[in-house]
Amino acid sequence: MASLTTIGFDADDTLWQNEQFFRLTEERFRALLAGHADGEHLSGRLLEAEKRNLAHYGFGIKGFTLSMIETALEVTEGRVSGAIIAEILAAGREMLSHPVETLPGVRETLDALSGDYRIVLITKGDLFDQERKLAQSGLGDFFDGVEIVSDKSAATYERVFARHGDGAARAMMVGNSLKSDVVPAIRAGAWGVYVPHDLTWVLEHVEAPRTDPLFREIATVGELPGLVRQIA
């Protein structure tokens with residue numbers, strides 16, 4: 001097997017907190033529309049709107065905000081007040097300006113690996129928001145390349161690891177999403193390292209490829225340097 005030269009990292013809920021802010025905003029959305037539908041029904045309708053809208057808006061806060069507005073219009077049959085729409089928009093703006101909370105062990109892990117490997121950030125979502133979070137995180141200097149993509153597929157990893165490294169066969173992808181970070185990276189021929197997060201969006205759930213020789217799972221990102229040494 002070819003030696004490892006390049007390590008890719010997901011950003012949201014791998015390097016810093018993200019999903020918790022979506023959950024908190026969804027609770028706020030449910031409270032705003034409590035007079036029109038119960039919370040579980042609202043969450044279900046919101047998830048359906050998000051699924052429909054991924055192809056139009058992509059991943060991220062802006063698409064989530066538009067999906068909240070669409071859901072509010074649907075469940076109220078167009079009678080939602082301008083004040084509630086304004087509250088939803090304000091909630092979206094707050095998410096876009098929330099301070100970045102780096103996860104434990106991230107900086108130490110990047111520092112331990114960056115001297116010996118090419119480190120690449122590979123994240124999907126809104127361009128402006130991801131650039132903002134990277135800048136605020138103070139982690140930018142660790143990365144030899146940054147790729148903000150519309151989606152993550154095997155072809156994405158083949159392209160990124162060819163551009164920033166020596167190809168997928170000599171690369172590793174690290175992230176909290178089996179669907180986006182691990183499975184497609186393995187399909188491209190790279191190692192896929194799963195770092196579970198307590199909160200992961202339901203649309204990112206798939207079965208772990210536990211029998212695949214390129215699959216690994218660690219409890220925290222702080223365990224990654226040891227795993228890399230073991231693989232090397």
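All of the numbers you see were taken from the coordinates with simple rules; none came from a lab. No experiment lies behind these values; they were computed from the predicted model shown. Every residue, glycine as well, gets a Cβ built from its backbone with ideal geometry; the counts of neighbours run over all protein chains shown.
Quick look at the values:
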item: FRET efficiency estimate (nearest 0.05) - Cβ-Cβ, ASP141 to VAL206, R0 41 angstrom; result: 0.80
item: Residue-averaged [θ]222 nm for the chain, counting only DSSP H segments that reach four residues, each worth -39500 (n - 2.57); result: -14500 deg cm²/dmol
item: Selected from ALA185, ALA135, ALA72 as most flexible by GNM, with the chain as the system and alpha-carbon contacts under 10 Å; result: ALA135
item: Estimated FRET transfer efficiency (ARG132, LEU89; beta-carbon r; R0 22 Å; 0.05); result: 0.75
item: Inter-probe distance in nm under a simple model that places probes 7 Å from Cα toward Cβ, at ASP38 and THR5; result: 5.8 nm
item: Hits among lysines - C-alpha to C-alpha of LYS133 under 18 Å, sequence gap 8 or more where chains match; result: LYS62, LYS124
item: Nearby aspartates and glutamates by direct alpha-carbon distance to LYS152 (threshold 13 angstrom, same-chain neighbours under 8 apart not counted); result: ASP10, ASP181, GLU204
item: Gain in span if fully extended, ARG28 to THR102, counting 0.36 nm per residue against the direct Cα distance; result: 24.3 nm
item: Using a Förster distance of 25 Å, the FRET efficiency for GLU74-LEU54 (Cβ separation, nearest 0.05); result: 0.90
item: Listed residues LYS152, LYS124, LYS51, most fluctuating in the chain (Gaussian network, C-alpha, under 10 Å); result: LYS51
item: Counting DSSP beta bridges with both ends in the chain, the antiparallel % (nearest 5); result: 5 percent
item: Net lengthening on full extension, ARG159/ASP116 (0.36 nm per residue, minus Cα-Cα); result: 13.3 nm
item: Alpha-carbon centroid distance for the pair the stretch 13-70 / the stretch 101-139, whole angstrom; result: 25 Å
item: Shape of the stretch 66-127, Cα gyration tensor, a/c cut at 1.5; result: prolate
